[in-house]
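The structure appears right after this line, and notes come after that.
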Amino acid sequence: MILDAQARRQLLSEYRQICHAEGRGSDNPAYHRALPYTDLSTRYTAGWAMRGKTYRYFESWIVPSIERPAQQPRDILDLGEGNAEMSYRLALRNHRPVPVDFISNAKDGLGAARYYPQQIESL
């Protein structure tokens with residue numbers, strides 16, 4: 001589906017309103033660094049627990065399969081990244097992730113990358 005510019009703006013505006021109303025995200029660096037394993041806000045514990053579980057699977061089974069052949073850090077395009085927590089975890093493994101998302105604010109969007117000790121460039 002292709003949306004015209006006005007429809008995209010409306011979608012983003014409504015999505016931001018929903019996230020704000022739900023109290024998503026945080027200005028606390030510790031909150032972001034704990035994700036996806038721990039939700040320090042305790043507002044979305046079940047959702048983050050599921051994301052932590054799927055990330056553990058990804059980290060145990062998928063990431064090694066891309067690391068083994070190259071035996072060197074990889075450039076990884078991280079689509080739909082949200083607040084850059086997966087890119088942060090990949091950077092801890094010395095990869096060069098580039099997170100991409102349509103939400104860029106610092107509480108729950110790509111702007112949250114500023115809370116991580118590794119510099120993460122985003123698109």
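Only the coordinates and a few stated rules stand behind these numbers; no lab work does. Remember, predicted model here, so these are calculated numbers, not experimental data. A quick note on method: Cβ atoms are made from the backbone with ideal geometry, for glycine too, and the neighbour counts reach across all protein chains shown.
Translational diffusion of the chain was estimated from the Stokes-Einstein equation, with Rh taken as the Kirkwood radius over Cα pairs; at 37 °C and 0.692 mPa s the coefficient is 213 µm²/s.
Here the 3J(HN,Hα) profile of region 104-112, calculated from phi with Karplus coefficients 6.51, -1.76 and 1.60 at θ = phi - 60°, is 10, 5, 7, 7, 9, x, 4, x, 5 Hz, Gly and Pro shown as x. Once you keep just the Cα pairs under 8 angstrom separated by 6 or more residues, what percentage relative contact order results for the chain? Value for the chain: 22 percent. Ordering Phe58, Phe102 from the fewest to the most neighbouring beta carbons within 10 Å gives Phe102, Phe58. Angle, helix 45-57 long axis vs. longest principal axis of the chain, Cα atoms, 0 to 90°, nearest 10? Taking Cα atoms only, the helix is inclined about 30 degrees. Angle of helix 5-22 to the longest C-alpha principal axis of the chain, folded into 0 to 90 degrees and rounded to 10: 80°. Of the trypsin sites (Lys or Arg not before Pro) found in region 3-75, the ones in coil according to DSSP and having at most 15 other Cβ atoms within 10 Å of their Cβ are Arg43, Arg74.
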